[in-house]
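The values are calculated or read from the model by the stated rules, or taken from the named source; none is laboratory data. What you are looking at is a predicted structure, and each value in this text was computed from that prediction instead of being measured. Cβ coordinates were reconstructed from backbone atoms using ideal geometry, including for glycine residues, and neighbour counts include every protein chain displayed.
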Amino acid sequence: MNNSILDFIPEVPVAEAIENGVDWLTDNLSFIFDALKESGEWLMEGMTDLLLVIPPIVFILLIAILAFFSSGKKIGLTTFTVVGLWYIQNQGLWEPLMSTITLVVIASLVSILIGVPVGIWMSKSDWAEAILKPVLDFMQTMPAFVYLIPAVAFFGIGLVPGVFSSVIFALPPTVRFTNLGIRQVSEEMVEAADAFGSTANQKLFKVELPLAKATIMAGINQTVLLALSMVVIASMIGAPGLGENVLSSLQRAQVGSGFVSGLALVVLAIIMDRILQNFNR
């Protein structure tokens with residue numbers, strides 16, 4: 001008598017359907033995933049090796065110079081950059097730092113290359129915006145750990161699945177802010193471009209994108225920081241870097257070692273965030 005009518009409705013096989021879909025993809029598209037993994041590993045390992053060739057003192061000076069000019073020749077960020085990167089090198093974390101930079105840079109570039117065109121498409125099409133907004137909501141609200149499951153199923157373990165999961169997690173801000181920035185361009189400017197006979201491409205590249213640059217850059221900044229926040233999570237599927245050190249310290253209950261690696265991630269996040277914000281200004 002206490003049974004609800006909902007108890008008589010059979011369970012919808014959502015988990016089974018998803019597993020069958022993933023199995024089908026891995027069985028039929030494995031050659032694509034294998035090619036992406038091999039090429040991705042070659043690219044990222046090559047980038048890490050290239051970064052490691054640069055002596056730490058040279059790398060620190062180059063980033064300090066970048067911070068100096070991006071901040072309007074102020075010494076605050078420059079000093080923090082020098083001290084922060086020296087701290088990372090002093091703690092023996094230079095090689096993990098280079099692996100982390102590789103993961104963040106590749107994941108951010110892929111997110112930007114996908115996100116900006118998709119955001120432009122959303123800004124030009126109301127039905128595309130209506131369809132993609134729930135997808136972006138899904139991508140942002142789904143727990144980041146869930147993205148590791150298809151990443152491992154498609155690519156195994158290593159840097160490539162780490163980048164794959166990072167891209168899914170970090171992509172939405174670039175799409176949303178690009179769409180928002182272009183839609184916020186004043187109608188008067190668009191009408192003026194039309195009055196001068198601008199083509200759609202001319203109007204996009206010479207009017208809308210330049211005026212939306214600040215908003216788009218804010219989205220890119222968020223994407224970079226979200227990619228960096230995935231470093232620790234991606235280490236659970238074999239992605240090397242500072243996140244791997246944090247995870248190892250957690251598993252061994254090494255508080256000091258974990259704090260050192262975590263502080264290195266904080267330093268890297270602050271440097272990247274401030275430099276990107278300064279370039280945006």
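Among the conditions (1) modelled with pLDDT under 90; (2) surrounded by fewer than 21 Cβ atoms within 10 Å (Cβ to Cβ), VAL116 misses just one, which is (1).
Residue-by-condition table, conditions (1) over 28 Å from LYS37 (Cα atoms); (2) modelled with pLDDT under 80; (3) in a helix (DSSP H, G or I):
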site	(1), (2), (3)
ALA153	no, yes, yes
PHE169	no, no, yes
PRO173	no, no, yes
LEU180	yes, no, yes
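Can you tell me which condition TRP86 does not meet? The list is (1) closer than 30 Å to LYS203 by Cα; (2) at pLDDT 90 or above; (3) out of contact with any Leu (no Cβ under 7 Å at 6 or more places or on another chain); (4) of a type in the set (A, V, I, L, M, F, W, C), and all the others hold. So TRP86 meets the others, but not (1).
Scan segment 182-208 for residues that are at pLDDT 85 or above and either in contact with a helix residue (DSSP H, G or I) (Cβ under 6 Å, 6 or more places away or on another chain) or among the hydrophobic types (A, V, I, L, M, F, W, C) (or both) and report the count.
The first filter runs over segment 182-208 and keeps only residues at pLDDT 85 or above, leaving 182-184.
With either in contact with a helix residue (DSSP H, G or I) (Cβ under 6 Å, 6 or more places away or on another chain) or among the hydrophobic types (A, V, I, L, M, F, W, C) (or both) added as a condition, the list becomes 182-183.
Qualifying residue count for the region: 2.
When GLY72 is tested against (1) touching a helix residue (DSSP H, G or I) at 6+ places or on another chain (Cβ under 8 Å); (2) under 27 Å from VAL160 (Cβ atoms); (3) loosely packed, with under 15 Cβ neighbours inside 10 Å; (4) of a type in the set (Gly, Ala, Ser), just one condition goes unmet, and that condition is (2). Of all residues in segment 135-151, those that are over 26 Å from LEU209 (Cβ atoms) and either part of a helix (DSSP H, G or I) or touching a Cys at 6+ places or on another chain (Cβ under 6 Å) (or both) total 10.
Inside segment 58-102, can you point out the residues that are in a loop (DSSP other than H, G, I, E, B) and either in contact (Cβ under 8 Å) with a residue 60 or more places away in the chain or farther than 17 Å from ILE275 by Cβ (or both)? Spell out how you get there, then give the answer.
Residues of segment 58-102 that are in a loop (DSSP other than H, G, I, E, B), as a first pass: 71-74, 91-93.
Residues satisfying the conditions are SER71, GLY72, GLN91, GLY92, LEU93.
Do we find that LEU132 is of a type outside the set (Ser, Thr, Tyr), in a helix (DSSP H, G or I) and within 16 Å of the chain's Cα centre (by Cα) in this structure? Walk me through how you get there before you give the answer.
Values: of a type outside the set (Ser, Thr, Tyr): yes; in a helix (DSSP H, G or I): yes; within 16 Å of the chain's Cα centre (by Cα): no.
The answer is no for LEU132.
Do we find a residue being surrounded by 22 or more Cβ atoms within 10 Å (Cβ to Cβ) and over 21 Å from the mean Cα position of the chain (by Cα) anywhere in segment 180-199? Within segment 180-199, one or more residues are surrounded by 22 or more Cβ atoms within 10 Å (Cβ to Cβ) and over 21 Å from the mean Cα position of the chain (by Cα). Residues in segment 233-281 that are of a type in the set (D, E, K, R) and modelled with pLDDT of 80 or more were compared, and the one that is nearest to the chain's Cα centre (by Cα) is ASP273. Return the only residue of VAL110, VAL104 being under 15 Å from the mean Cα position of the chain (by Cα), under 21 Å from ALA218 (Cβ atoms) and at pLDDT 90 or above. So the residue among VAL110, VAL104 that is under 15 Å from the mean Cα position of the chain (by Cα), under 21 Å from ALA218 (Cβ atoms) and at pLDDT 90 or above is VAL110.
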